[in-house]
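J.: Below you'll find the structure I mean.
FYI, it's all coordinate maths here, none of it is from the lab. Owing to the predicted nature of the structure, the values given are computational and were not obtained by experimental measurement. Glycine gets a Cβ as well: all are built from the backbone with ideal geometry, and neighbour counts include every protein chain shown.
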């Protein structure tokens, strides 16, 4: 049982070994640098367009401008919020969230306010 398996393995490896030797070419049959295609040559490829002065820098400048616009817009909104919060209806406690301060009524005439939920 062992010998037929060993015989088959030996035949298999010897055939694949012969095929590998046939595919090897001697040094004289190899293509020289003159016959090579420059599209497939790693050294001939120029990466400066991708990372140097080409599209990369233009894209980076575009992104910076967009960022500056977003920052300016955020600063403008923050200033607007600060101006709005300095109004008396937001800073004075007597307004209770109303645009105008509620009237001060006598204790018998006070009304329930639907807006703030306080009787005043």
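J.: Tally the residues that are under 14 Å from residue 120 (Cβ atoms) and in a helix (DSSP H, G or I), restricting the search to segment 72-103.
T.: Total satisfying the criteria: 3.
J.: Looking at segment 104-119 only, could you name the residues that are in contact with a strand residue (DSSP E or B) (Cβ under 9 Å, 6 or more places away or on another chain) and in a loop (DSSP other than H, G, I, E, B)?
T.: Those that are in contact with a strand residue (DSSP E or B) (Cβ under 9 Å, 6 or more places away or on another chain) and in a loop (DSSP other than H, G, I, E, B): 110, 111, 113, 118.
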